[in-house]
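Take a look at the structure below.
The values are calculated or read from the model by the stated rules, or taken from the named source; none is laboratory data. The shown structure was predicted, so the numbers you read here are calculated from the model rather than taken from an experiment. So basically every Cβ, Gly included, is an ideal-geometry build from the backbone, and we count neighbours across all protein chains shown. In case anyone asks, the SASA skips ligands and DNA or RNA and just uses the protein heavy atoms, side chains included. Shrake-Rupley method; radii C 1.70, N 1.55, O 1.52, S 1.80 Å.
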Amino acid sequence: MLKQENIGHSRFPHDQYWPPVNAVNEFSFTLNELLACNMGEITNQLNDIIVAKNNEELVNKYLAEIYSLYYGYKDAPRLDFWEKPEVFSRIEFVKLTLEDYLINSFLKSRYELPEISCVAQVGDYLRFFVEHNYGVNHAFFDFVADEMPEQQIKEFLLLEVIRNEVVDDEVALMVPGLQHSMKQVVVSNLWDECGNGAIDNFHTNWLRRLLTAHDDWSNILEYRAGQKPWIASISSNSFNAVLTTRFKCYRAYGHFMTTEAWVAPHFKKILQGMDRVGINDQNVRVYFDAHMRIDPHHADEMIEGLLKNTPELAQVVLYDIIKGAHQAAMAGEVMYDKLLEYFRGNEH
Ligand SMILES: [Fe+2]
Ligand SMILES: [Fe+2]
């Protein structure tokens, strides 16, 4: 229970809307046009513009736009039009078709499913997997630690803010469908995301402090409307694909387990990069410093939560968790490959 005097209390200004997104009334022109078609035409058009051209960029751009509707912030188009069942069913159809393409074509897994016969084996497998997949020591983070120039580090920090700006909501979306110890660890994770009840310790408040320290509040709005590379949406789109489809709640659990385990090795390199270029402000570093301590626990708790779940999880569920873990590893690997290329290509 919260103390009355703590409700709404903060030492920091909160006059800026969170997450730092631009208000929009409509989807982009081409997505609007697509959604105006009937189902048959939508299928043909998706085949023409996505499948035939292998258009990874468009898949990711459209999905990022569509997911805004599933969160409801001010970047979600608010036209009565979308409330009509026949229109919203087209949105869902496009979403599911694009997700299928994202997961089964662009993020096609390099990892084989293991033979499993009991939950303890799955725990051992995942404990090893989250520490030894290709994303853990990805070369992108060596580049951040050792070479990335200061200006690029500041740009990458904006991308990190965007990637993490609604992690609390993402964790909240993981709760329905879980029971017993798995629900226990996810709800505990959400309570941590929400500062154990203190607004100043909301993890998103640490991102606010980063933006304020770098005077980036208007820059981030311009950046996401203009130069932000679409490749930076890949891992969020992959996670949202399992979060926003309720029967995939166990995949979401496995997905998040992988990325929580990445936080410490990745953030360590980001902090090294900041040390190298002299970004010492605690307001900028607090998000990364704090997560170095918190997230290894979160990853461990998630494995413990599935081991202790009662009744014991069915094999199909255990495979779903593993598939989710694999999907996250692929999404991160693909995204960090592209980010490395992007930042190296933009070096001056
Ligand atoms: Fe967090
Ligand atoms: Fe976490």
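Overall, the anisotropy analysis places the chain in the rounded class: the square-rooted eigenvalues a ≥ b ≥ c of its C-alpha gyration tensor yield a/c less than 1.5. Shown here for the stretch 94-198: GluC sites (Glu not before Pro) in loop regions (DSSP other than H, G, I, E, B) with at most 14 other Cβ atoms within 10 Å, namely GLU112, GLU115, GLU147.
Taking the stretch 178-201 and a reference point 7 angstrom along Cα→Cβ of GLN16, the backbone N atoms nearer than 17 Å belong to 200-201. Taking ILE321, ILE153, ILE116 as the candidate residues, the one with maximal mean-square fluctuation in a Gaussian network model of the chain, Cα springs under 10 Å, is ILE116. For the options ASP337, ASP281, ASP192, a Gaussian network treatment of the chain with springs between C-alpha atoms closer than 10 Å singles out ASP281 as fluctuating the most.
A straight Cα-to-Cα reach below 18 Å connects LYS248 with the lysines LYS95, LYS108, LYS183, LYS323, residues fewer than 8 places away in its own chain not being considered.
Quick check on the stretch 238-304: what are the equivalent-ellipsoid semi-axes from the Cα gyration tensor, as sqrt(5λ), descending, whole Å? Write down the numbers at each step before the final one.
Details: eigenvalues 168, 33, 16 Å².
Calculated on Cα positions only, the semi-axes equal 29, 13, 9 Å.
Of the Cα atoms belonging to the stretch 21-106, the radius of gyration and Dmax stand at 12.5, 34 Å.
Probe radius 1.4 Å, ligands and nucleic acids ignored: give me the carbon and sulfur share of the accessible area of the stretch 119-345 as a rounded percent. Mind dumping the intermediate values first?
On the way: 4450 of 8540 Å².
With neighbouring chains kept in place, the figure for the stretch 119-345 is 52 percent.
Comparing PRO176, PRO20, PRO265 in a Gaussian network model of the chain where C-alpha atoms under 10 Å apart are linked, the largest mean-square fluctuation is found at PRO176.
Would you mind counting up the charge near VAL334? Only other residues with Cβ under 12 Å from its Cβ, with Lys and Arg at +1 and Asp and Glu at -1.
Details: positive: LYS108, ARG110, LYS338; negative: GLU56, GLU333, ASP337, GLU341.
Neighbour charge sum, excluding VAL334 itself: -1.
Entry comment: accessible area of the chain is 47 Å² per residue, from protein heavy atoms only and a probe of 1.4 Å. Restricting the stretch 36-99 to trypsin sites (Lys or Arg not before Pro) that sit in a DSSP loop and have at most 16 other Cβ atoms within 10 Å of their own Cβ leaves LYS53, LYS74, ARG78.
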